[in-house]
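Okay, so here's the structure we're looking at.
The values are calculated or read from the model by the stated rules, or taken from the named source; none is laboratory data. All values derive from a computational prediction rather than experimental measurement. Here the Cβ positions follow ideal geometry from the backbone for every residue, glycine too, while neighbour counts run over all protein chains shown. The area values use the complete protein model at the heavy-atom level, side chains included, leaving out ligands, DNA and RNA. Shrake-Rupley method; radii C 1.70, N 1.55, O 1.52, S 1.80 Å.
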Amino acid sequence: MAHPAGVDPRATLGPTSGIARRYWPVPLVRAIVAAIVALVTTFSLDHSSVLGLLVFGVFALAGGVLGGVFGASRLGDDHASRTLFVVQAAVSGIAAIVALALVFVAPSPPAYVYLVVAWAVITGLLELVAGVLGRARSVLARDWMTVGGITVLLGIAFLAVPPDFTTDFSGAQGVSGTMTTSIMAVGLFGAYAAILAAYLAIGAFTLKGERARTAAATLATTDERSAS
């Protein structure tokens with residue numbers, strides 16, 4: 001994980017070194033949830049709004065609520081970031097409840113699209129703000145800004161999806177079908193989950209490696225002091 005420009009890595013890791021070492025399981029958990037969602041979406045033949053709402057509800061509940069609360073619990077004395085992630089978890093929890101309720105009440109493509117847009121914009125901005133506020137003091141800030149930005153972009157992309165789009169198509173060898181809003185939106189969410197899973201997994205193992213390097217540097221410093 002790269003350090004913010006102009007910031008001394010040792011200064012960044014000073015009071016927050018424990019946080020950096022404790023935090024690596026958080027992006028890993030989020031990556032696993034996102035990877036499962038991406039796989040389910042990719043290999044499912046049903047790209048209806050019902051599947052979209054179910055997948056999104058589980059993602060918001062497992063990745064958003066669990067990831068937000070789990071992450072906040074490992075941020076130590078960083079009260080500003082903890083507050084932002086707790087609020088993010090609350091928003092994800094509400095979105096998950098609404099999504100799972102809509103499955104039984106009104107599983108329509110517009111409901112799915114607008115719910116994801118609202119969730120993505122709010123939670124993405126919260127994570128983006130956490131990254132911006134913490135960029136001068138935390139090695140976690142850059143990943144927060146990136147994930148927040150990707151999530152906001154998801155909301156913008158969903159806004160471009162017509163809420164009631166339906167068109168028939170035909171391709172080579174007589175293949176034909178119907179493209180709908182739900183098919184486009186579910187596929188788009190699956191692509192987002194795949195990108196998020198890859199990025200968060202890389203971030204998790206980078207943090208884990210940084211923990212090992214910090215421990216080795218501390219041991220080397222101790223040995224030097226002992227030798228002198």
Checklist entry - With (1) farther than 14 Å from V26 by Cα; (2) touching a helix residue (DSSP H, G or I) at 6+ places or on another chain (Cβ under 9 Å) as the list, and A106 as the residue in question, which single condition is left unmet? => result (2)
Checklist entry - Could you count how many residues in the stretch 68-88 are crowded, with 22+ Cβ neighbours inside 10 Å and either at pLDDT 95 or above or in a helix (DSSP H, G or I) (or both)? => result 6
Item to check | Selection from the stretch 54-67 of residues that are within 21 Å of G187 (Cβ to Cβ) and modelled with pLDDT of 90 or more | outcome: L54, V55, F56, G57, V58, F59, A60, A62
Item to check | Scan of the stretch 123-162 for residues that are outside any helix (DSSP H, G or I) and either open to solvent by less than 40 Å² (accessible area, probe 1.4 Å) or in contact with a Lys or Arg (Cβ under 6 Å, 6 or more places away or on another chain) (or both), ordered by number | outcome: S138, V139, L140, V161
Next on the checklist: Which of the numbered conditions does A99 fail, given that it passes all the others? Conditions: (1) within 20 Å of P25 (Cα to Cα); (2) assigned to a helix (DSSP H, G or I).
Outcome noted: (1)
Checklist outcome for this item: With criteria (1) modelled with pLDDT under 90; (2) part of a helix (DSSP H, G or I); (3) buried (at least 17 other Cβ atoms within 10 Å of the Cβ), L51 comes up short on (1)
Checklist entry - Would it be correct to say that T83 is of a type outside the set (A, V, I, L, M) and either closer than 18 Å to A193 by Cβ or touching a Cys at 6+ places or on another chain (Cβ under 6 Å) (or both)? => result no
Checklist entry - How many residues does the stretch 95-122 hold that are free of Cβ contacts under 8 Å to residues at least 12 places away in the same chain and buried (at least 17 other Cβ atoms within 10 Å of the Cβ)? => result 0
Next on the checklist: Can you pull out every residue in the stretch 170-199 that is over 11 Å from S49 (Cα atoms), modelled with pLDDT under 90 and out of contact with any strand residue (DSSP E or B) (no Cβ under 7 Å at 6 or more places or on another chain)?
Outcome noted: G171, A172, Q173, G174, V175
